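The values are calculated or read from the model by the stated rules, or taken from the named source; none is laboratory data. Everything numeric in this text was worked out from a predicted model, so none of it was measured. Virtual Cβ from ideal backbone geometry, glycine too; neighbours counted across all protein chains shown. Accessible surface areas use protein heavy atoms only, side chains included; no ligands, DNA or RNA. Shrake-Rupley method; radii C 1.70, N 1.55, O 1.52, S 1.80 Å.
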Amino acid sequence: MRLSSYLSLFGAIATALMLAGCQGMSGKSGPTQFQLTVTDSGTGTGTVTSAPAGINCGKTCSASFQAGTTVVLTAAPAANTKFTGWSGACSGTGTCSVTINATTMVTAAFSGPPPVQLTVTEMGKGTGTVTSSPAGINCPTTCTANFPTGTAITLTAQGSVAAWSGCSANGASCTLTLSKATTVTATFNASLQSINHIVFLAQENRSFDHYFGALREYWAQNGFSDQAIDGLPQFNIPAGAAPTNPGCDPTSQPPNDCNAGAPGSTPVPSFHLLTQCIENPSPSWNESHVDRNLSNQISPTATMDGFVQTAADNSRRNPGYLDVNGFRAMGFYDGTDLNYYYFMASSFATSDRWFSPVMSRTDPNRMYLVAATSQGHVYPLNQTNSPPLTAPPIFEELQQHGISWKIYVNPKKPDGTSCADTDGACLIQLSTILNFSYAQTIKSTPSLLQNIQSTNIYLSDAKNGTLPSVALIDPAFSAGLDEHPTVDVQGTPTRIQAGAGYVSTLINTLMFSPSWKDSVFVLTFDEGGSLFDHVGPFSGDSTVPAPPNPDGIPPRDMLPGDVCTSTPGAPTCDFTITGFRVPLVVVSPFTKKHYVSHTPTDYTAILKLIETRFNVPHLTNRDAWAMDMTEFFDFTNVPWATPPSPPKQNTSDACDLSAPVP
């Protein structure tokens, strides 16, 4: 082939490639599109829409259409405004019909009085929203908008509005006709509707007496007024009671076992622990019933005398434990050990009648924490014989009602690595939500999986004012910050002060953030951990009826020889009695100062608070029974609009697993 032939062939190929490129700059062949842009002019206002759809100006004033498309534009003047005509690619005052073969500009002119500005301000101790009709105002997000002169506007408030100024009020609404720039003020009363974010966290395995029994001592030492609280006997009202709790010293009963002789012959006194680390007692179903009554586990009388024995039994079953006599079960901490918790419980609110829901260990109690039932389980789920619970957790109900929620999970994994902060597929494997079949729905639905995020995201959400309506924070189990007594005696002991310091970061970040003004943080503990308490589980009294079985399902996974297998239906063998008392701190700008509740309830009250605030149905009979927690709040005076400055958590206590001495 001659050179000229090669050149001709090369030219043909180049031409073909160039033509192919012209068919679409993206590399794909297809029809050419051109942009149509609409602008408005004049002193009036109005809208311009297109057929086919694409233009809806003033929101969307530019759109692309396929070459050759005939687009019809229609102008609609606002109230007190007149459309005076088109310019650019169209003219006249009718509809504008333009065929798009190039980038095209059209101007719509409206005449009339110039627009005037409406501004809405919000005042008062409460919070709420104000919207307008016609649309434009959606305060506190958009509190200023322009409307044509002479526009009649209706403003509507969501929240407890106390008064309007600058308009003609009619309850939650007010009306005005704009003739000049105007400011309208909505004054809101604080109410339960002023709480827009409910955050809750249940740390691990601590009883009320063990953690908060010395509150009266702390009050006397730190300038807090004295009041009734049912704590440790030596600090109770009246003062001066002996520091003992019904119990049995196993060393006083040959052969070192309280069950071998008369129980309780030598009570073990409650005593101040000098170490922040203790070996784990066992709080499971059997042990909890023994804790409540050493000699008769199904008796209606709670003698509360079995804690030392069950702790000793647990130590003796597990080689390597040092406290083989179980004395650790009678130890307590005070305001020098848990200075952050004591300050927060004293400044804000706590309760001496706040119980876990079940006389058993962590897993069934955490089921109640988010679903108000364990569906009959008193033990952790066996995934072979006991599939996840079908009961809806609170998050499923919130999702169905369009209420935002998240579960924040500490990203540390058991192997020492960490999940990424927004890797929901990884983080959900560390969450207690896995006890529920709804977790599988979350896993398979990308939009739901986005609600499972790390505690690092919680910190940024609080700082940025982007918290959801409801948030559960799972404990930092794998990071060793959950405050659970040490389980693996060969591993690093759990330091309660490290856990309390971690919790202080979660609460303090909220307190000193834009989210503080309309939030509540509820801190509690999932169960008593088989650590002593002198108040028995709640089974009803003259003021509050017995807690109901949530769904009529009796205990169904007891093991042969378990307490209650021979006497099914006994009150202590059904879900008509709570677990033991656990610590509580309610932190919010609306929390009453230095408040102690004496109303018996279990912590399904957190669910009742959520349900009451966001107007969703109760999940079971149990959360329907619980208090709604409104007694903790003062919405009139907003006691903590400016939060206090809490102390930094002390971390200097010894960590010694040796057998403690009462």
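With a 1.4 Å probe rolled over the protein heavy atoms of all chains, the accessible area of His401, His377 falls in the order His401, His377, largest first.
If the Kirkwood radius is taken over C-alpha pairs of segment 615-662, then at 25 °C and 0.890 mPa s the Stokes-Einstein diffusion coefficient equals 147 µm²/s. The modelled label-to-label distance between Ala546 and Asn382, using points 7 Å beyond Cα along the C-beta direction, is 2.9 nm.
Which value, in Å³ per residue, describes the convex hull spanned by the Cα atoms of segment 108-244?
172 Å³
The alpha carbon centroids of segment 105-131 and segment 517-556 are separated by 51 Å. Computed over the alpha-carbon atoms, segment 436-590 gives an Rg to Rh ratio of 1.02, Rh here being the Kirkwood radius from the mean inverse distance.
Only alpha carbons enter this Debye calculation for the chain, each as an equal point scatterer, and the log10 of I(q)/I(0) it gives at q = 0.11 Å⁻¹ is -1.08. Applying 1/(1 + (r/R0)^6) with r as the Cβ-Cβ distance of Thr93 and Thr636 and R0 = 60 angstrom yields a FRET efficiency of 0.55.
Remark: the Ala220-Thr651 segment gains 152.9 nm on full extension, using 0.36 nm per residue and subtracting the alpha carbon distance. Principal-axis analysis of the Cα atoms of the chain puts helix 455-464 at an angle of about 50° to the longest axis. Ordering of 641-647, 466-472 by packing is 466-472, 641-647, highest average first (other Cβ atoms within 10 Å, averaged per residue). Volume per residue for segment 454-528 equals 91 cubic angstrom (convex hull of Cα atoms).
With contributions of -39500 (n - 2.57) from each DSSP H run of at least four residues, the per-residue ellipticity at 222 nm computed over the chain stands at -5500 deg cm²/dmol. Filter Lys125/Lys648; Lys463/Lys608; Lys125/Lys593; Lys463/Lys517 down to the pairs with a C-alpha to C-alpha distance above 19 Å, please. From Lys125/Lys648; Lys463/Lys608; Lys125/Lys593; Lys463/Lys517, over 19 Å: Lys125/Lys648; Lys463/Lys608. So what is the relative contact order for the chain, in percent, with contacts set as C-alpha pairs under 8 Å and at least six apart? Dividing the mean separation by the residue count of the chain yields 16 percent. Seen against the Cα atoms of the chain and their longest principal axis, helix 307-317 is set at about 90 degrees. Projected over every direction and averaged, the convex hull enclosing the alpha-carbon atoms of segment 79-119 yields 4.2 nm².
Could you pull out every one of the lysines with an alpha carbon less than 29 Å from that of Lys59, ignoring same-chain neighbours closer than 8 positions? Cα-Cα hits under 29 Å: Lys82, Lys180. Taking Cα atoms only, the orientation of helix 362-371 departs from the longest principal axis of the chain by about 40 degrees.
Fully extended, how many nm does the chain gain between Lys413 and Ala53 (0.36 nm per residue separation, minus their Cα-Cα distance)? Mind dumping the intermediate values first?
Working: separation 360, 0.36 × 360 = 129.60 nm, distance 5.10 nm.
Length gained, Lys413 through Ala53: 124.5 nm.
If the chain linking Ser460 and Thr301 were pulled fully straight, counting 0.36 nm for each residue of separation and taking away their Cα-Cα distance, it would gain 52.3 nm.
So, in Å, what gap is there between the alpha-carbon centers of segment 360-439 and segment 587-662? Taking the Cα centre of each part, segment 360-439 and segment 587-662 sit 21 Å apart. The modelled label-to-label distance for the pair Ser437/Ala420, using points 7 Å beyond Cα in the direction of Cβ, is 3.2 nm.
Annotation: peptides 532-539, 40-47, 85-92, ranked by per-residue average of other Cβ atoms within 10 Å with the highest first, follow the order 532-539, 40-47, 85-92.
Using a Förster distance of 60 angstrom, determine the FRET efficiency expected from the C-beta separation of Cys61 and Ala624, and round it to 0.05. Plugging the Cβ-Cβ distance into 1/(1 + (r/R0)^6) gives 0.70. At q = 0.16, 0.18, 0.21 Å⁻¹ the log10 of I(q)/I(0) for segment 528-662 amounts to -1.04, -1.15, -1.31, computed by Debye summation with a single uniform scatterer per C-alpha, solvent ignored. Exposure here means at most 10 other Cβ atoms within 10 Å; with trypsin sites (Lys or Arg not before Pro) in a DSSP loop as sites, the longest stretch of the chain lacking them is 181-647. Computed from the Cβ-Cβ distance with R0 of 22 Å, the FRET efficiency linking Met105 to Asn146 stands at 0.40.
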